[in-house]
Amino acid sequence: MPNKPPPTSTEQTSQAVQKLMDQYTEIARLAGALAHEIKNPLSTIRLNMELLAEDMEENPSPAQRRAAKRIDLVHRECQRLQDLLDDFLNYAKVRHLHLQPTDLNAEIVEALDFFAPEAAEAGVEIVRYLDPELPSVLLDREAFRGALLNLILNAKQAMPDGGQLVARTSAARDKVALYLIDTGCGMDENTAAQMFDAFFSTKPGGSGLGLPTTAKIIEAHDGQINVQSAVGRGTQFTVELPVPARLAQDVANDELSHDR
């Protein structure tokens with residue numbers, strides 16, 4: 001029987017990547033199971049705190065009023081932990097995307113229209129510069145919309161006194177780009193460098209998982225996200241997504257025909 005040839009470098013790399021993916025999947029499964037186990041007793045604690053608070057509502061004594069304040073504190077902390085666990089589960093889960101050819105401009109318009117009433121209330125002007133020649137990209141619409149809305153809300157929170165949010169798209173031969181630019185408070189280099197690190201947050205009570213989850217969703221689309229910011233001037237998030245090979249070739253052919 002002939003000896004089996006040793007694996008090639010490509011096969012070794014593929015096996016190493018698959019091993020890492022299997023390890024990540026198992027860690028994510030265990031983390032999710034642990035988070036669910038914590039959520040169950042946490043929900044019971046919250047419910048009992050609510051019942052205790054109701055028992056003390058009628059003719060409370062001074063001691064009961066003091067106890068009610070402590071109950072309210074415990075209830076609020078339980079809610080904070082519940083929100084953190086929900087964010088963690090969303091961050092840790094393994095994503096199986098359902099990709100379909102999608103008009104990125106249409107997704108952006110829909111998200112901005114949804115956000116428009118909140119923007120008006122916050123004094124945020126929305127400006128759109130969307131490339132009408134933008135080719136389609138492969139998106140899981142639900143997952144990508146969640147990531148996009150998170151970036152939009154992050155921009156709004158950076159402009160507590162109002163400002164301007166610019167959404168711009170452009171296309172190259174093999175990718176499209178979305179630029180979300182706000183005129184908010186901006187960040188220093190150290191903060192910007194940690195924006196996508198899990199549990200890093202500059203917001204009081206923030207979980208620090210919103211932007212890392214957004215980055216994971218974009219990376220799952222074989223895309224990239226980058227941030228540029230300056231204190232007092234604002235922030236720009238750049239999202240780049242690949243154009244499917246066949247569509248990219250069509251774009252290249254169109255460009256050549258225009259040049260002739």
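What follows is calculated from the coordinates using simple rules that are stated; it is not laboratory data. Model, not experiment: these values are computed from the prediction. All Cβ positions, even for glycine, are placed from backbone atoms using ideal geometry, and neighbour counts span all protein chains on display.
Details
- When +1 charges are put on Lys and Arg Cβ atoms and -1 charges on Asp and Glu Cβ atoms, the dipole computed for the stretch 100-249 relative to its Cα centre reaches about 160 debye.
- Leu51-Thr191 pseudo-label distance in nm [points 7 Å out on the Cα-to-Cβ vector]: 4.4 nm
- The residue among Ala68, Ala119, Gln82 whose Cα reaches farthest toward the positive pole of the charge dipole of the stretch 41-168, with charges on the beta-carbon of Lys, Arg, Asp and Glu, is Ala68.
- Its Cα gyration tensor gives the stretch 100-249 an equivalent ellipsoid. The semi-axes, each the square root of 5 times an eigenvalue, are 25, 18, 14 Å from largest down.
- Extension gain for the segment Ser170 to Leu130, taken as residue separation times 0.36 nm less the Cα-Cα distance, is 13.7 nm to one decimal.
- Cα→Cβ-extended label distance, 7 Å offset, between Asn150 and Gln82, nm: 2.1 nm
- For Leu209, the residues whose amide H sits under 5 Å from its own are Phe199, ignoring neighbours fewer than 5 places away on the same chain, with H placed 1.01 Å from N.
- Other residues with beta-carbon under 14 Å from the beta-carbon of Gly123 carry, at +1 per Lys or Arg and -1 per Asp or Glu, a net charge of -4.
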